[in-house]
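Data block below; observations after.
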Amino acid sequence: LCKILSAVHKINFYCSSMLLGCIAVDRYLAIVYAIHTYRKRRARSIHFTCAAVWLCSLLLTLPDLVFMEVWTDDSNHSICYFPEVGIDGNNAWLATRFLYHTVGFFVPLLVMCHCYVAIVRALCQSQRLQRQKAVRVAILVTGVFLLCWSPYHIIIFLNTLTKLEAFSKNCLLEDHLDTAIMVTEAIGFIHCCLNPILYAFIGVKFRNDFFRILQELGCISQETLNEILEVTRKGSRIESDTTT
């Protein structure tokens, strides 16, 4: 159970980060190179990309499946941990930490920044309203990812330096880092809750479908629905492409 829970946690983390990067690349191709690539895109390539992301995530979690163990302390509390005993265990632990920082955070962040900056630059010739909406979406997507996961990776990096004895051994510091890891990890998990808002509720198509459902349920009238749809039709078509 320890190995499975740890692997599931890592798989979801890697998948979330890499899929965000893939979404950024998809929007980059759809907007910056719309004439050449967007129309040629096929559902098969999307399915292949998702499958590749899941496969890579599974491969990246193999060290956890191999090395994770359960340790019972003096109070009879079971703790799931990664043993750093021996050269194999230590090297595997260092490798997982390195991949956790690079593949799970820095690479997706750099991809998102590059793609969304290019998207905003490509939209500079559009109308002012469209440009403002594109900038807003790009800042929200990248900023929320950065704000939610940066504290956790900073603390994990400090924890790595502590275990490598880059600092003098300090039990109080280690206790504070353990607490900070739990707090910042919880903040990082909030990002999973914010994703549906960023990628769905901001999207024009999702909003229209949502209001249609409300109308079918009798929550709003047909006249109100028509007014809402008329307002959204005046919005940017580019916003719909970049947020749905």
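Summary of values
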| quantity | calculated |
| --- | --- |
| Residue among 239, 185 that is modelled with pLDDT of 75 or more and closer than 27 Å to residue 111 by Cβ | 185 |
| Scope the range 112-134; condition surrounded by fewer than 19 Cβ atoms within 10 Å (Cβ to Cβ), under 27 Å from residue 148 (Cα atoms) and at pLDDT 75 or above; matching residues | 113, 114, 117, 118, 120, 121 |
| Output for the range 91-118, where each listed residue is over 15 Å from the mean Cα position of the chain (by Cα) and β-branched (Val, Ile, Thr) | 96, 117 |
| Residue count, the range 30-61 (criterion: closer than 20 Å to residue 110 by Cα, at pLDDT below 80 and in a helix (DSSP H, G or I)) | 3 |
| Scope the range 143-181; condition of a type in the set (Gly, Ala, Ser) and under 29 Å from residue 111 (Cα atoms); matching residues | 143, 150, 180 |
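The values are calculated or read from the model by the stated rules, or taken from the named source; none is laboratory data. Because the structure is predicted, anything quoted here is derived from the model rather than measured. Here the Cβ is made from the backbone with ideal geometry for all residues, glycine too, and neighbour counts use every protein chain on show.
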